[in-house]
Amino acid sequence: MTPARRRFTRRGMVLRLGTLAALVLLVVSCGSGSGGGRVMVLGLDGMDPQTVDLLMSEGKLPNFARLRQEGAYGRLETSRPILSPIIWTTIATGKTPDQHGIGHFVAVNPTTGEDLPVTSRMRKVKALWNILSDAGRRVDVVGWWATWPPENVNGSIVSDHTCYHFLFPQGQEPAKDLQGLTYPPDLFEKVKPLVRRPTDITMAEASPFIHVTPEELARPFSFDDDVGHFKWALATADSYRKIGLKLWKEQKPDVLLTYIEGTDSVAHLFGHLFRAQGLSGELAEQQRKYGDAVEQMYQLADRIVGEYMEAAGRDATLIVLSDHGFMLGELQEDPSKTRDMRRVSEKFHREEGILYMYGRKVKQNGRFDGAKLVDLVPSILALSGLPPARDMPGRVLTEGLDLKVPGPRVASYEAGGAATAVAANDTSANPEIMERLKSLGYIGDTPPGGAPAAGGNPTINGTDIDQLRSPQGERNLAALLFEQGKYQESADAYRKLIAKEPKDASLHTSLAGALGAMGRYDEAMRELDAAVKAEPLNVEAYHNRGAVYERLNKPELAVKEYRTAVRYNPSYEPSKRALVRLTGTAEVNPPRTPQEKQAALLLDQVSQAARRSNYAEATKLLDQAEKTAPNYVLVYQYRANVAYLAGDKAAAVRALEHALTLDPGNMLYRTNLQRLKETQSARGKP
């Protein structure tokens, strides 16, 4: 077998940069308007191309239809991990995550251990707005990820923190200087009237999207409240839409970049409800209230596209894009995940976003073939009359553009040092930013803490932002090195991380993957033993053990490990594929008797009923399955799951206890039983 077919996996990682090598000193300097034209970029986070095609076919997105008929379009290939700060920074820099350095949503305050939002100062390379400013072009940026604190540019920046400062009740805004939200600082007062609060959203505005009572709409704002979070998404989309148009018309930038987040947030909150069929119980009630939200947000995005098309005209180039797509209408395997705000996780992201261009230098009925995130900056530079750089991995999308690429390519635009940021102290906004990220399931709970502001350099909760670091981002570099086949460098990076967090099971698992890829199987097994000891349900560790045994030509032991992985996570695809390859089936507890086979068919129906939130039907089917095959252990696993979902914790405990009598060594049952009992004990139940 080839190494590629016995693949090791890593765990819990996102991409992040190490130290960049020195870049060649060569920068082009041109006057405004020299050899190029105006460009308007409209970013719509998470807008799904398949859903755009569907709604367009139904006549519900007329402006997208016009973009397609009169301009060029295609799909935009994203890169993993599909996390907004990383991807939008890739789009803005034309560099990959290991180059640009933004690796996650959060950094860590080294003084308090507190999670904090990523900042512009953590970016290691120049963004498009820096390059254009250096070349004498005027550029305006609105709402783009990781733009706080705003940098000094030839133009203006309305940072991504701007709308968070308007979450306070009327008359209760913090008594502090908020001018650090924009560059130049006095721009803040000019755009402030355009920034809407969630409390500004009226019933008339909300009613096409969500169907709630006036009392529900008037609830105090919280990101943990689905109505409140939706109002924030709608208010923020309207705010940045208006600010972008104002700057385009009044300041007349050569390039405008406007970011709209609402299409992504609404998909995370309500995407599982989009045209889903046969829902019952709590899911049916969610769909009654919020089932129209995604479709209406797409239609709002279409109206925004129409406004930007009109503002751009034919004398400018309009670029409309999204960073990724969404699998909308897909139900969670675990319906309990739809009960809080972490409804649609990043695993439902599709790896393609939208890309449309219209206006100057765009081919009518053009198509983009294999466009990637890193292609945007070279293309925008070319439309602006500037050559791409050789250290940019992307290309100019000439298949959809009628232009001659300016040349020759420069070596790099990185000379001249990083742009400076305006002084800012953003202590009040951070709790709200972190709450939104938590409500979408991107980060865990934020530890309490925070120190008094120290003054001087830009700070977050009293810490100079240049001192912030991102441990999750550091994992990313190790993961990227692994993906690039640099296994020794990856292993070295993981060892450094383990020295700081010796009990982190995922780090030991990832180190084992790198060691195994180098053929150092004894060392890999020691790391996997440590991983399983730290976390007995570590599915990736069992998979990597299987991969080691395959490399050692011990297929029986490999199958045992792969089956353990699938036993604890039935949807874990790497081990399922390995089992199919080695045994012909991914089934771990296959039914053996005619009675068990009949029960297994009933359990498939149980799963479908539970995913639709029809727990009564699921319970009835379980009764039939238990009567048919009373000693089939999966019946009791499913019964425990359904009882838990239906809120009957005592029944879930009884089902797991019975499952353990049939399968005493099952750590999944044992762990879940322990957690259930701890929950009951904490609530004072016997």
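Please find the FRET efficiency linking residue 526 to residue 583, where r is the Cβ-Cβ separation and R0 is fixed at 25 Å, and quote it to the nearest 0.05. With a Förster radius of 25 Å, E is 0.35.
The distance separating the Cα centre of the stretch 556-591 from that of the stretch 221-273 comes to 44 Å. The peptide list 223-235, 362-374, 192-204, put in order of mean Cβ contacts within 10 Å with the highest first, becomes 223-235, 362-374, 192-204. Considering the dipole of the stretch 506-607 built from charges on the beta carbon (Lys and Arg +1, Asp and Glu -1) around the Cα centre, which of 547, 595, 519 is farthest to its positive end? With unit charges placed on the Cβ atoms, the residue in question is 595. Mind checking which aspartates and glutamates have their Cα closer than 12 Å to the Cα of residue 372? Skip sequence neighbours fewer than 8 apart in that chain. List returned: 77, 323, 351, 352.
With semi-axes defined as the square roots of five times the eigenvalues of the C-alpha gyration tensor, the equivalent ellipsoid of the stretch 542-643 measures 30, 14, 10 Å, largest first. Ignoring lysines fewer than eight residues from residue 576 along the same chain, the ones with Cα atoms less than 17 angstrom from its Cα are 560. Proximity of backbone amide H atoms, modeled 1.01 Å from N, is registered between residue 350 and 325, 326, 327 at under 5 Å, excluding neighbours fewer than 5 places apart on the same chain. Given R0 = 30 Å, the distance between the Cβ atoms of residue 557 and residue 662 translates into a calculated FRET efficiency of 0.75. Distance between the modelled labels on residue 50 and residue 501, one decimal in nanometres: 3.3 nm (7 Å Cα→Cβ projection). If the chain linking residue 204 and residue 65 were pulled fully straight, counting 0.36 nm for each residue of separation and taking away their Cα-Cα distance, it would gain 47.3 nm. Rounded to the nearest 20 debye, the dipole size of the stretch 596-686 about its Cα centre is 300 debye, using +1 on the Cβ of Lys and Arg and -1 on the Cβ of Asp and Glu.
Calculated accessible area for the stretch 195-242 comes out at 36 Å² per residue, all protein chains present (probe 1.4 Å; ligands, DNA, RNA ignored). Rounded to a whole number, what % of the accessible area of the stretch 577-656 do carbon and sulfur atoms account for, probe 1.4 Å? Ligands and nucleic acids excluded, carbon and sulfur reach 49 percent. Checking the a/c ratio against 1.5 first, then a/b against b/c, what shape does the Cα gyration tensor give for the stretch 469-580? Note, shape of the stretch 469-580 comes out prolate. Model label points for residue 58 and residue 678, set 7 angstrom from Cα along the Cα-to-Cβ axis, are 4.5 nm apart. Note on the stretch 198-313: along the principal axes its Cα atoms extend 53, 31, 22 Å, ordered by decreasing extent. Per residue, the accessible area of the stretch 533-686 comes to 52 Å² when a 1.4 Å probe rolls over the protein heavy atoms.
Of the listed pairs 289/347; 503/533; 347/677, which have alpha-carbon separations greater than 19 Å here? Flagged as over cut-off: 289/347; 347/677. Take 667-676, 261-270, 539-548 and order them by the average number of nearby Cβ atoms within 10 Å per residue, most first; the result is 539-548, 261-270, 667-676.
Extension gain for the segment residue 249 to residue 369, taken as residue separation times 0.36 nm less the Cα-Cα distance, is 39.9 nm to one decimal.
Pairs from the table (95/124; 124/192; 60/249; 192/246; 363/404; 190/249) lying more than 22 angstrom apart at Cα are 124/192; 60/249.
The values are calculated or read from the model by the stated rules, or taken from the named source; none is laboratory data. This structure is a prediction, so every number in the text was calculated from the model and none was measured. For neighbour counting, all protein chains shown are included, and Cβ atoms are generated from backbone atoms with ideal geometry for every residue, glycine included. Just the protein is used for accessible areas: all its heavy atoms, side chains included, with ligands, DNA and RNA removed. Shrake-Rupley method; radii C 1.70, N 1.55, O 1.52, S 1.80 Å.
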